[in-house]
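Novice: After the structure tokens below, expect a handful of questions from me.
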Ligand code: DOR
Ligand code: ZN
């Protein structure tokens, strides 16, 4: 065998530890892992110069927008943001314009993405009670059906019917778990327009009661559930108490783990997101659950908006969401570098586990036969986060000015170098359009 590329002199993350060795890539896959002398000859040779080689990160919750919302983000800018942040695979949310709620719209979206993407991309489908539409989207390979409980007015019977259909297709159901404060009434027309009102409208009890409802639905239907951006220790505790084990998994975002609502004073509406930032005690409690491995996945919930939109004065006019693809890895790696988070725990949450939970086969680990989705990381780099340098169109971040450690210096997708030294060098379209394997 002759390889396309040999990467040598790396500290490669294999089965939970860093091993001094190299690897060979051929046809987009990792073919051999070992000391340089044991690798086949290759057309190209790259030295990792003693830096760390990790599996490419997988983000199961991003909003790539495009189409009617391409002024916020599109597949080109969004996947550029992903690969600069170390993500080689992203699963894209369906609340777009138009929403991805039928096979026709999914096909349309796939055609928009094809040819633009620098990372691998898979799609979630938007909640629909039309079982033919659901069937059609499942057939085309959505990774989950996303239910926005804050905007869903289904009866118990409809919930049950849809979840049973998902169960029968082995299709996971992802939940935005906030009971619907605005349901059917829209944002309040009268009263205050400040952060206090916003936080009151998104009371923690709305999340806890939605989590209770998910537990009940999953218990009754036997579907597989995944709770997006869980923000309260109490929610995690309810999940654990349910004893449903792997039938309901959950994810947390870096902003819910690392920020709290007392930062709204200086960050202002830029930090408006849903669920909102919680109290400092709740954020600490959430972090403790993460450190105890009681949260399965870290996802960015990359939710880009334009600066103008985020600078509006009334909280009811500011779209919620924070871009996170370019901050998630350095924020977490800083915890690793400071000795607060073991590297295997970080990699489990950002790569191996998301792949397993959503059926992203042959990715998420460095193994012979797996796809060559890799990042090279300089663990000693120290720098300050600066959203003005984001590849995302959304150039704002509540983490601006944070000093972090660990820089992604190269990103490889399907065996091709797509980002080198912060520059995009990949050819648009190099990312694969993914389907789950179940
Ligand atoms: O903060 C959020 N932004 N929460 C959501 O549920 C939607 C998302 C978005 O699409 O911007
Ligand atoms: Zn989201």
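The values are calculated or read from the model by the stated rules, or taken from the named source; none is laboratory data. Because the structure is predicted, anything quoted here is derived from the model rather than measured. Note that each Cβ is placed from the backbone with ideal geometry, even for glycine, and that neighbours are counted across all protein chains shown.
Novice: Mind listing whichever residues of segment 290-331 are in contact with a strand residue (DSSP E or B) (Cβ under 8 Å, 6 or more places away or on another chain) and more than 19 Å from residue 62 (Cα to Cα)?
Specialist: If the condition is that a residue be in contact with a strand residue (DSSP E or B) (Cβ under 8 Å, 6 or more places away or on another chain) and more than 19 Å from residue 62 (Cα to Cα), then 290 is the only one that fits.
Novice: Let me ask something else. (1) surrounded by 14 or more Cβ atoms within 10 Å (Cβ to Cβ); (2) at pLDDT 95 or above: which one isn't true of residue 157, the others all being true?
Specialist: If we test residue 157 against (1) surrounded by 14 or more Cβ atoms within 10 Å (Cβ to Cβ); (2) at pLDDT 95 or above, just (1) comes out false.
Novice: Same structure again: I want to confirm something. Restricting to segment 199-225 and keeping residues that are under 13 Å from residue 149 (Cβ atoms) and within 16 Å of ligand 1 (Cβ to nearest atom), which single residue is surrounded by the fewest Cβ atoms within 10 Å (Cβ to Cβ)?
Specialist: Among residues in segment 199-225 that are under 13 Å from residue 149 (Cβ atoms) and within 16 Å of ligand 1 (Cβ to nearest atom), the one surrounded by the fewest Cβ atoms within 10 Å (Cβ to Cβ) is 206.
Novice: Hey, another quick one. Which residues, taken from segment 350-375, are part of a helix (DSSP H, G or I) and surrounded by fewer than 23 Cβ atoms within 10 Å (Cβ to Cβ)?
Specialist: Result: 352, 353, 355, 356, 357.
Novice: If the Cβ limit is 9 Å and pairs must be 6+ apart or interchain, which residue in segment 417-432 that is in a loop (DSSP other than H, G, I, E, B) pairs with which residue that is surrounded by fewer than 14 Cβ atoms within 10 Å (Cβ to Cβ)?
Specialist: 422/389; 428/115; 429/115
Novice: Residue by residue through segment 221-243, note down the ones that are modelled with pLDDT of 95 or more and out of contact with any strand residue (DSSP E or B) (no Cβ under 8 Å at 6 or more places or on another chain).
Specialist: Within segment 221-243, 221, 222, 232, 233, 234, 237, 238, 240, 241 meet the criteria.
Novice: May I pose another question? Counting only residues that are assigned to a helix (DSSP H, G or I) and over 19 Å from residue 118 (Cα atoms), which one in segment 310-331 is farthest from the chain's Cα centre (by Cα)?
Specialist: Top of the filtered list is 310.
Novice: While we're looking at this one, here's another question. So is residue 83 in contact with a helix residue (DSSP H, G or I) (Cβ under 6 Å, 6 or more places away or on another chain) and closer than 22 Å to residue 348 by Cα or not?
Specialist: No, not satisfied.
Novice: Considering only segment 53-71, state which residues are more than 15 Å from ligand 2 (Cβ to nearest atom) and buried (at least 24 other Cβ atoms within 10 Å of the Cβ).
Specialist: Passing the criteria: 53, 54, 55, 56, 57, 58.
Table: residues versus (1) farther than 15 Å from residue 69 by Cβ; (2) away from ligand 1 (no atom under 12 Å from the Cβ); (3) in a helix (DSSP H, G or I).
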residue: 304; (1), (2), (3): no, no, no
residue: 308; (1), (2), (3): no, yes, yes
residue: 333; (1), (2), (3): yes, yes, yes
residue: 340; (1), (2), (3): yes, yes, no
